[in-house]
Amino acid sequence: MSPPAASPVLNQLYHQYLETEVTAQFVSDVSQRYTLATLGRLLERGPYVTRRAAALAIGLIGDFRANAALGRALHDSDRGVRLVADSGIRDLWQRDGNTRQQQALKAITRLNNCEQYGEALLAATSLINEAPWFAEAWNQRGIAHFALKRFEDSANDCHQTLELNSYHFGAAIGMAHCYLEMEDPFAALECFRRAVRLNPDLEDVRVQIDFLERALEEK
């Protein structure tokens, strides 16, 4: 199938970005020429350079509605597309809800990054009560629960994250670590496998899978 006629323009913008690394200019130029729907089609049907460009653009200007497009791109035949999609989809998970809710999530993420887990837990619970469909709020609360050694609560939050966002390989990994802490290696192994099914390039997770498989075989 031949690529859409618009793809050479996107390719040109992408090569300019690679040369200049000026993200704001790339975002501006792409936004003026392409809708997210068109970028999604290019990501699925274009040649590999166009798919890389489309994945980058979606990751920069898209929101959670583009989650499935980048989730599918994690299985692209081109490793460059997969890497760009991996980076972009993590950003998309932050861009759900309204502006105030997104700002609240950023604050929760900062609290977790600063190891202020009790405050993160309270703030995440407040956001979940307001926006129970916000998958990343559940994930961030799961991170706080885990750090506070509340492993069952963390696993439950990771599970809910995946219910709301079936592409969230991070939650699958988090749930696996919860089960390891709860001494359930069989459940942990299945969660790690789920993460790799979502994102085949998770090499560290593949190492975990190999280790667990060998350990369980020896029992």
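Quick notes
- The percentage of C-alpha pairs in the range 99-218 whose separation is greater than 20 Å is 42%.
- The label-point distance for GLU44 and ASP78, in a model that sets each label 7 Å from Cα toward Cβ, rounds to 1.7 nm.
- Spatial separation of Cα centroids for the range 67-98 and the range 34-50, in angstrom: 13
- Residue order, fewest to most beta carbons within 10 Å, for TRP138, TRP93: TRP93, TRP138
- Shape category assigned to the range 7-92 from the gyration tensor of Cα positions, a/c cut at 1.5: rounded
- Residue-span extension gain [ALA107 to SER28] - 0.36 nm each, minus C-alpha spacing: 25.7 nm
- Cβ-defined net charge surrounding MET175, 14 Å radius [Lys, Arg +1; Asp, Glu -1]: -2
- Extending 7 Å from the Cα toward the beta-carbon at both ASN98 and GLU213 defines two label points whose distance is 4.9 nm.
- PHE186/LEU18 FRET efficiency (R0 35 Å; Cβ-Cβ; nearest 0.05): 0.20
Readers should treat all values here as calculations from the given coordinates under stated rules, not as data from a laboratory. Because the structure is predicted, anything quoted here is derived from the model rather than measured. Glycine gets a Cβ as well: all are built from the backbone with ideal geometry, and neighbour counts include every protein chain shown.
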